[in-house]
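Structure, as structure tokens:
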Amino acid sequence: MTHAGFIAAAYLVSAGVLFGLVAWIVADGRAQRRRLADLEARGVRRRSAARDAAGKGAS
Amino acid sequence: MVLIDLANPTRFLDLSRRVLPWLWAAAVLTLALGLYLAFFLAPPDYQQGQTVRIMFVHVPSAWLSMAGYGLMAVASLGTLVWRHPLADVAAKSAAPLGAAFTFLTLVTGSLWGKPMWGTWWVWDARLTSELVLLLMYLGLIALWQAMDDPGRAGRLAAVLTLVGTVNLPIIKFSVDWWNTLHQPASVFRAGGPKIDDSMLVPLFVMAVAFTLLYAALLMMAMANEILRRRVRTLEMTAAEAGA
């Protein structure tokens with residue numbers, strides 16, 4: 001009795017969940033970077049980034 | 001670099017960019033080694049036969065489901081006591097990972113239980129307390145999603161997380177305190193592991209691989225959460241400027 005179906009199912013479900021996690025996190029990272037780039041392209045900057053930019057411009 | 005330096009989200013992003021390629025390489029190599037050991041070197045069990053190979057994904061998932069919650073509890077202390085800027089980011093990012101590993105524990109345990117016990121599920125203390133852990137993870141995720149202010153959501157979630165730690169010793173000792181269909185502890189127990197080295201070594205290699213994978217995913221998820229909060233701040237700045 002090898003119960004091959006149960007073993008295969010356990011590993012396939014594990015692989016599916018882990019690949020799903022990786023795909024979701026990578027997609028989320030890309031979405032956040034895109035939103036950040038869009039905002040910065042519109043000239044919206046964090047106060048610290050705006051301060052840094054002003055400091056460089058003054059020097 | 002001392003730990004307090006990582007309190008700065010920008011420094012954490014820089015560090016994660018440098019560390020992640022190495023962490024991923026270590027995770028993939030260890031996972032490949034672990035799978036080789038689990039399938040080609042570990043012998044079949046004298047009673048369970050080949051079905052024992054489910055242990056090599058079930059047990060590391062179970063350890064991580066609990067260790068992940070422990071990490072969230074430490075991060076919650078960081079939020080409430082030290083107000084560490086990354087503590088809430090770590091706790092929020094760890095919750096979906098913990099939920100995924102708890103789900104895997106329950107599903108692979110069920111797939112192991114059916115051929116060995118003759119049933120997919122019983123309401124014994126170990127299985128039920130692990131299901132409660134999944135429900136706690138899902139509740140915390142829902143709480144973070146339900147509130148707009150990440151600071152307020154983080155403090156509420158931290159309190160709830162710390163209350164939920166009462167479930168961790170219940171999961172661990174449920175097999176000793178009550179009569180369960182689930183077997184007693186066979187690795188972390190007084191008197192040492194009851195498993196032969198031929199199975200114990202592959203199990204530990206798989207546990208290290210899953211832990212490295214968890215660490216890599218957590219670091220990526222934390223970087224995403226830092227970016228999400230920056231986007232939120234910028235959107236509010238833009239809205240205020242437009243008002």
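Kirkwood analysis of the Cα pair distances in the protein assembly as shown returns a hydrodynamic radius of 21.2 Å. Taking the centroid of alpha carbons for each part, the stretch A:1-25 and the stretch B:217-240 are 32 Å apart. Distance between the pseudo-spin-label points of A:Glu40 and B:Glu240 (7 Å out from Cα toward the beta carbon): 2.1 nm.
May I ask for the net charge around B:Pro44, where only other residues with Cβ less than 15 Å from the Cβ of B:Pro44 are counted and Lys, Arg are +1 while Asp, Glu are -1? Don't jump to the answer; show the numbers that get you there.
Working: positive: B:Arg53; negative: B:Asp45, B:Asp196.
Charge balance in the 15 Å sphere: -1.
What FRET efficiency would be calculated for the residue pair B:Leu77, B:Asp148, taking the C-beta separation as r and a Förster radius of 22 Å, to the nearest 0.05? After rounding to 0.05, the efficiency reads 0.35. Of the peptides B:142-150, B:36-44, the order by per-residue mean of other Cβ atoms within 10 Å, starting with the highest, comes out as B:36-44, B:142-150. Residue exposure proxy: B:Phe101, B:Phe210, A:Phe6, A:Phe19, ordered by other Cβ atoms within 10 angstrom of their Cβ from fewest to most, comes out as A:Phe19, A:Phe6, B:Phe210, B:Phe101. Charged side chains reduced to their Cβ positions (Lys and Arg at +1, Asp and Glu at -1) give the stretch B:157-243 a dipole of some 120 debye around its Cα centre.
Shape class for the stretch B:136-195, computed from the alpha carbon gyration tensor (a ≥ b ≥ c): prolate, with a/c not under 1.5 and a/b above b/c. When the Cα gyration tensor is reduced to axis lengths a ≥ b ≥ c, the ratio a/c is 1.5 or higher for the stretch B:1-117, and with a/b not above b/c it is classed as oblate. By the scheme Lys and Arg +1, Asp and Glu -1, what is the net charge of all other residues having a beta-carbon under 14 Å from that of A:Gly5? Local net charge: +2.
Bear in mind that the values in this text are calculations on the coordinates, not laboratory data. Note that the coordinates shown come from a computational prediction; the quantities given were computed from them, not determined experimentally. Heads up, the Cβs are rebuilt from the backbone with ideal geometry, glycines too, and the neighbour counts pull from every protein chain shown.
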